[in-house]
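Asks: Quick one: the structure is below, questions incoming.
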Amino acid sequence: MARIMKGREASIVILIIAFIAIVGSINSKFVEGNSLLLLLSSSIILFILAIGQSFVLLTAEIDVSVGSTMGLCAAICGLLLTGGMSVWPVVLIVLLVGAAAGLFNGFGVAYLKIPAIIMTLGTLGILRGLMIITTGGKWIEDIPNFFKKLSTESFLGLPIPIWIGLILVAAAYLMLRLTRFGRYFYAVGDNADGARLIGIPVAKVKMIAFMLSGISASIAAMVFVMNIGFIPNQTGNGMELQVIAAAVVGGVSLNGGLGTVWGAGLGAIFLTAINSSLIYLKIPAYWNNAISGLLLLVIVISNSKFQDYLRNAPFKRTAFVKGGMGKDEKADQSSA
Amino acid sequence: MKKQINLLLRWEMALVLFLIVEIIFFSMMNPQFLNVTNLIFSMNDYVYIGLAAIPMTFVIITGGIDVSVGSVIGLTSISIGVLWTNGMEVWLAVLIAVAISACAGAVNGGIIAYSNVQPLVVTLGTMFLFSGIALVISGGNSASGYEGISGFPDAFVQLANGLTFGLPNPLYFLIFFLLLFAVILSLTRYGRQVFLVGINMKAAVYSGIRAKFILIWAYVLAGVGGGISGVILTSYFSSARADLGAEAVLPVITAVVLGGTSITGGKGTVLGTGIASVVIGMMQYGLQMMSMTSQETSVVVGFILIIAVLLRLAKWNNIRSFVKFRSHAE
């Protein structure tokens with residue numbers, strides 16, 4: 001089990017290194033100087049969103065509203081900043097908005113028992129509309145310079161947004177790994193009924209997972225505002241699908257209970273690497289979606305076939321691995 | 001008496017009632033709304049939702065989902081445009097484009113049937129893939145990514161804009177789809193097997209049903225639904241664009257779920273989906289007449305989706321047996 005778990009993230013690490021090596025060998029500019037740092041910077045929004053999404057996916061739910069949550073939070077952040085409010089109250093309000101959106105999702109899923117895909121699809125429409133209503137359909141420009149400058153200022157050689165991402169992923173990883181409450185997320189996703197029987201507050205854990213996803217969307221929104229400096233109407237459109245793709249590529253299972261936050265983060269970096277490599281490979285930008293889609297399919301299918309192989313391989317049939325087999329059989333049923 | 005009450009408590013009846021309430025509400029808000037000609041012609045704006053949603057019902061009954069339908073609409077649209085600009089007869093181009101959409105569905109279904117990957121992830125991947133292919137086709141054809149191809153022959157434009165017996169053509173498409181798929185779902189062996197696959201995959205396999213075959217065909221049908229929807233949209237706007245239908249996923253899935261199909265599979269009707277797509281379309285049209293933008297209407301559509309599922313999840317059987325009890329007592 002532990003070896004398979006390790007394999008899940010190892011494959012994405014190998015993929016990223018191989019991909020960077022291949023693109024770098026074709027065009028050496030891709031690996032020279034600041035390019036890799038730039039790659040990290042441009043992936044940071046997806047990276048932060050993927051961390052939040054992992055919590056939800058670990059509990060075997062899904063949140064497709066993160067893109068629109070991010071859009072709404074970015075709009076509110078922009079409006080408050082252009083309105084002359086100082087930084088800390090803005091940060092607090094935006095975080096609260098994200099948390100509230102997550103709370104709404106979480107309440108519907110955990111307590112009203114609405115299937116997560118439906119609940120968050122509904123929220124997606126609601127928040128998208130709310131964003132247009134708050135901005136009045138206009139783009140927000142003139143973000144104060146002190147806020148935009150945050151994205152270029154660096155600390156110990158790394159820009160502030162990257163630090164935010166690194167701190168979040170470290171905090172999330174340690175929480176999931178070391179705290180009792182962190183392990184609950186895995187338990188709930190692996191076997192909700194079992195978790196309930198041993199006294200884990202399943203509904204509460206799910207609700208908190210959605211809240212964390214909402215909060216990560218609001219943090220991503222603030223990074224977006226400082227990076228881009230203006231907020232178009234379509235901010236965050238389609239982001240939700242990229243985030244889920246990133247998490248899945250990074251080895252987080254949609255069946256719950258499997259995967260890590262840093263795997264999801266690496267998945268985000270990988271997807272961004274594909275996008276930004278096209279420039280270096282002199283491929284027109286409209287190839288972007290086709291290549292990402294194809295790679296996503298190849299990765300998930302080969303991963304699934306690899307897991308099948310591991311399950312059927314006779315030398316793996318030890319008691320230890322059997323502990324993990326129950327999970328795979330569950331995957332069979334729900335995917336069928 | 002009992003029979004009538006059961007009929008009244010059916011979800012489809014609730015939807016029809018809701019539709020009537022909706023029409024009354026909007027006509028109170030704006031007397032212009034109750035113009036029958038307007039109401040019928042407004043259907044042109046949203047018939048494509050129904051066309052994509054009706055076959056999607058099959059996929060959701062099997063317990064799957066297809067989020068790539070929006071991309072299939074765009075892919076079909078741009079294929080028609082590109083084939084036509086390269087000198088092909090427009091109807092042949094339409095036929096080939098629909099065949100492409102069927103292949104897209106077969107790709108979805110094939111991967112889902114032959115791997116352990118969840119339908120959501122697979123169609124997420126193909127969503128990127130198909131919309132990417134659509135962009136590549138349109139980008140490779142001199143037209144930059146989002147620019148449309150227009151100037152189609154009149155006969156093709158009339159397909160969605162013309163009238164037959166005084167009614168707009170798309171309406172006939174919707175009715176034809178409703179009848180065709182309702183018959184497939186409730187009267188054929190294939191339809192019953194779709195339900196069984198959705199209720200219990202393992203039982204379906206053990207009872208000798210070719211479950212993989214059933215699954216693949218469900219996705220092919222959903223692909224063709226997206227394809228026809230793309231044809232109608234292309235003809236309606238008389239322009240072929242790669243990003244046509246990019247926003248269609250939310251209303252299409254909302255229509256299926258609002259129509260009473262269970263997202264976990266095993267339950268659903270084509271008629272419900274059809275009525276629900278009219279409910280949603282009418283809602284969008286009415287709200288737009290109250291001068292709301294299409295993004296603002298998505299707030300309402302989102303709430304309806306959530307509330308509809310809540311109502312479906314409510315313990316209707318208790319209420320039903322309560323009503324039965326009362327009628328017996330009388």
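Asks: Let me confirm something: among A:LEU46, A:LEU80, A:LEU40, A:LEU36, which residue is open to solvent by less than 20 Å² (accessible area, probe 1.4 Å), in a helix (DSSP H, G or I) and touching a helix residue (DSSP H, G or I) at 6+ places or on another chain (Cβ under 9 Å)?
Replies: Of the residues listed, the single one that is open to solvent by less than 20 Å² (accessible area, probe 1.4 Å), in a helix (DSSP H, G or I) and touching a helix residue (DSSP H, G or I) at 6+ places or on another chain (Cβ under 9 Å) is A:LEU46.
Asks: Among the residues of the range B:36-50, is any under 30 Å from B:ALA204 (Cβ atoms) and touching an Asp or Glu at 6+ places or on another chain (Cβ under 8 Å)?
Replies: For the range B:36-50, residues under 30 Å from B:ALA204 (Cβ atoms) and touching an Asp or Glu at 6+ places or on another chain (Cβ under 8 Å): absent.
Okay, residues lined up against (1) at the interface with chain A (Cβ under 10 Å from one of its Cβ atoms); (2) surrounded by fewer than 18 Cβ atoms within 10 Å (Cβ to Cβ); (3) modelled with pLDDT of 85 or more:
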site: B:SER277; (1), (2), (3): no, no, yes
site: B:SER291; (1), (2), (3): no, yes, no
site: B:GLN295; (1), (2), (3): yes, no, no
site: B:VAL309; (1), (2), (3): yes, no, no
site: B:ARG312; (1), (2), (3): yes, no, no
site: B:ARG326; (1), (2), (3): no, yes, no
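Asks: Please work out if B:ALA204 is open to solvent by less than 10 Å² (accessible area, probe 1.4 Å), out of contact with any strand residue (DSSP E or B) (no Cβ under 9 Å at 6 or more places or on another chain) and free of Cβ contacts under 8 Å to residues at least 40 places away in the same chain.
Replies: In short, yes.
Asks: So, restricting to helices (runs of 4 or more DSSP H) that lie completely within the range A:176-284, which ones have at least 3 residues that are within 14 Å of chain B (Cβ to nearest Cβ) and open to solvent by 20 Å² or more (accessible area, probe 1.4 Å)?
Replies: The helices (runs of 4 or more DSSP H) meeting that bar are A:239-249.
Asks: With B:PHE177, B:PHE152, B:PHE156 as the choices, which residue is in a helix (DSSP H, G or I), over 19 Å from B:VAL278 (Cα atoms) and open to solvent by less than 30 Å² (accessible area, probe 1.4 Å)?
Replies: One residue alone meets the criteria, B:PHE156.
Asks: Related question: For the range B:1-15, give me each residue that is touching a helix residue (DSSP H, G or I) at 6+ places or on another chain (Cβ under 6 Å), closer than 22 Å to B:THR261 by Cα and either modelled with pLDDT under 75 or β-branched (Val, Ile, Thr) (or both).
Replies: Passing the criteria: B:ILE5, B:LEU9.
Asks: Listed residues A:LYS138, A:LYS113; which is assigned to a loop (DSSP other than H, G, I, E, B), open to solvent by 70 Å² or more (accessible area, probe 1.4 Å) and facing chain B (nearest Cβ under 10 Å)?
Replies: Matching residue, one of A:LYS138, A:LYS113: A:LYS113.
Asks: Next question. Look at A:ALA171 and say whether it is over 19 Å from A:LEU266 (Cα atoms) and either open to solvent by 70 Å² or more (accessible area, probe 1.4 Å) or not polar (S, T, N, Q) (or both).
Replies: Against the criterion (over 19 Å from A:LEU266 (Cα atoms) and either open to solvent by 70 Å² or more (accessible area, probe 1.4 Å) or not polar (S, T, N, Q) (or both)), A:ALA171 does not qualify.
Asks: Residues in the range A:82-103: is at least one in contact with a strand residue (DSSP E or B) (Cβ under 9 Å, 6 or more places away or on another chain) and more than 29 Å from A:SER304 (Cβ to Cβ)?
Replies: yes
Asks: Still on this structure: Examine the range A:148-165 for a residue that is crowded, with 23+ Cβ neighbours inside 10 Å and away from every other protein chain (no Cβ under 14 Å), and state whether such a residue exists.
Replies: Checked against the condition, which is being crowded, with 23+ Cβ neighbours inside 10 Å and away from every other protein chain (no Cβ under 14 Å), the range A:148-165 yields at least one hit.
Asks: Here is a check on your reading of the model: is B:SER115 of a type in the set (Gly, Ala, Ser), out of contact with any helix residue (DSSP H, G or I) (no Cβ under 6 Å at 6 or more places or on another chain) and either within 13 Å of chain A (Cβ to nearest Cβ) or in contact (Cβ under 8 Å) with a residue 40 or more places away in the chain (or both)?
Replies: It is false that B:SER115 is of a type in the set (Gly, Ala, Ser), out of contact with any helix residue (DSSP H, G or I) (no Cβ under 6 Å at 6 or more places or on another chain) and either within 13 Å of chain A (Cβ to nearest Cβ) or in contact (Cβ under 8 Å) with a residue 40 or more places away in the chain (or both).
Asks: Also: Check whether at least one residue in the range A:51-74 is within 20 Å of B:GLU296 (Cβ to Cβ), surrounded by fewer than 24 Cβ atoms within 10 Å (Cβ to Cβ) and of a type in the set (A, V, I, L, M, F, W, C), and report yes or no.
Replies: No, the range A:51-74 contains no residue that is within 20 Å of B:GLU296 (Cβ to Cβ), surrounded by fewer than 24 Cβ atoms within 10 Å (Cβ to Cβ) and of a type in the set (A, V, I, L, M, F, W, C).
Asks: Out of everything in the range B:257-275 that is open to solvent by less than 40 Å² (accessible area, probe 1.4 Å) and assigned to a helix (DSSP H, G or I), what residue ends up being farthest from B:ALA211 (Cα to Cα)?
Replies: Once the filter is applied, the top-ranked residue is B:ILE275.
Asks: Looking only at residues in the range B:195-245 that are hydroxyl-bearing (Ser, Thr, Tyr) and in a loop (DSSP other than H, G, I, E, B), which one is modelled with the lowest pLDDT?
Replies: Once the filter is applied, the top-ranked residue is B:SER238.
Asks: Say whether the condition of being under 21 Å from the mean Cα position of the chain (by Cα) and open to solvent by 50 Å² or more (accessible area, probe 1.4 Å) is met by at least one residue in the range B:217-225.
Replies: yes
The values are calculated or read from the model by the stated rules, or taken from the named source; none is laboratory data. From a predicted model like this one, the values you see are computed outputs, not experimental measurements. Reconstructed Cβ throughout: ideal geometry from the backbone, glycine too, with neighbour counts over all protein chains shown. The protein model used for the area step is the full one, side chains on, heavy atoms only, and it has no ligands, DNA or RNA in it. Shrake-Rupley method; radii C 1.70, N 1.55, O 1.52, S 1.80 Å.
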